[in-house]
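Here the structure comes first, spelled out in structure tokens, and everything after it is commentary.
The values are calculated or read from the model by the stated rules, or taken from the named source; none is laboratory data. Bear in mind that the values here come from a model prediction, so they are computed numbers and not experimental data. Please note: Cβ atoms are built from the backbone with ideal geometry, for glycine as well, and neighbour counts cover all protein chains shown. For accessibility, only protein heavy atoms count, side chains too; no ligands or nucleic acids. Shrake-Rupley method; radii C 1.70, N 1.55, O 1.52, S 1.80 Å.
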Amino acid sequence: SPDVRRPVTNSSPRTFAAPFNPLSPTTRQTTRALQEIQSHFGFLTPGSDRRSSNLSGNLNASLVSPNPSPDEMVIQARGRRQIPITFSPDVTRSPIRQRIQGPLSSRLMIPFQTRSSPRKKLTLSDTPPGVPTGMSAIYSPSPDKLKISPLAKKMRLDPGAGVSPETAIKAISKKQLENLVEKLLINHPQLRDEVSSLVPTPDLNPLEEKLNFLKKNIYKSLPNTRLESKTDSLAYNRVSVHLQTFKKCVVENARILGEGQQWLSLLDYSIMAWGYVKATPVWDNPPHNNIRKSCFKHLATSVMKALKEGSFSREQCISIQSKLQNLKGDSDEMMVCLKFIDFYLTDSNQ
């Protein structure tokens, strides 16, 4: 070949004037890769610019991906994120989506209806027409006026349109009734003695019915099979909620009678509720009987408070003592009340 020179014939060993320098493996791989790119995309020809086929330079992004994907178009058209001035829920008509979806998908989209003639926009505000914006606070209704309906206000202003007090008093709550009687006694002090004589003794029948109902709920929650124990921890877990409700009722009723200073009724209630507490189950695990002991303690405390605050006669104290004697075996708390009665009777004899 013309590249290889013939050796010089002389006495020296045979040598080549210009040694053959083949391409390195990296160069051959790069050349093969460029040829594959040219054959794949078909935009490079052997007579194209030599700068594009430079082995040492990087490939241009336009040569590698002449047709960008839809995701690349979205990224290029996105730009810097900007907060829109107005909220627009019409996300199907953005320019980017129209470019990606093409003409076929645009036919399926619901056409946007535009009004042919301009119309006035409706503004929802409390300001009457023709009134400046700064005057809106004057025409806004006050909170006090919103609480009372016009019909109720008309009935309150017209005395003849209302019902009788005996009928209207049935619909008010207990707190409203207390405020009514309090205002009546303040405005008419001469009625205080008459009202005091007319106040009846508290009725304990509703309280007893409520305690009986809650006690039945406790026993209804117990296991009703012979193979299960009714006093173990499993049974207690089933009735613990009803026991808490029973205790709350016992304590709340005693508190109401004490706040009303109805000491004799408080004593009668404590003795009556003591029997219902005694009828509750006794559990095998001693800590589970804490609710039962707590009820006994609250009732004994109520009895002691009634004995101290109430002005009972000697005959009444003897009657109370005879009733409390039957309760001392259930709890040691009642022994304190009996000792107080004994001290009172001894002091009254002296």
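Label point 7 Å out from residue 210 along Cα-to-Cβ: which residues of the range 249-271 have amide N under 13 Å?
Taking a point 7 Å out along Cα→Cβ of residue 210, the residues of the range 249-271 whose backbone N falls under 13 Å are 249-258.
Pop a pseudo-label 7 angstrom from the Cα along the beta-carbon direction at both residue 167 and residue 78 and give the gap in nm to one decimal.
Calculated label separation equals 7.3 nm.
Once phi is turned into ³J(HN,Hα) by the Karplus curve 6.51 cos²θ - 1.76 cosθ + 1.60 with θ = phi - 60°, what whole-Hz value does each residue of the range 286-302 show in order, with x for glycine and proline?
x, x, 6, 8, 5, 5, 4, 5, 5, 5, 4, 5, 5, 5, 5, 5, 5
Using the heavy atoms of the protein chains alone and a 1.4 angstrom probe, what is the accessible area of the range 182-283 per residue in square angstrom? Write down the numbers at each step before the final one.
On the way: 6540 Å² over 102 residues.
Accessible area per residue, the range 182-283: 64 Å².
Using a simple spin-label model with points 7 Å from Cα along the Cα→Cβ vector, what separation in nm is obtained for residue 314 and residue 184?
The two pseudo-label positions are separated by 4.1 nm.
Along each of its three principal axes, how wide is the spread of alpha-carbon positions in the range 194-266, in whole angstrom units, largest first?
63, 17, 15
I need the calculated FRET efficiency for the pair residue 297 and residue 175, taking r as the beta carbon distance and R₀ as 30 Å, to the nearest 0.05. Walk me through the numbers on the way to the answer.
Details: r = 30 Å, r/R0 = 0.98.
Once the sixth-power term is evaluated, E becomes 0.50.
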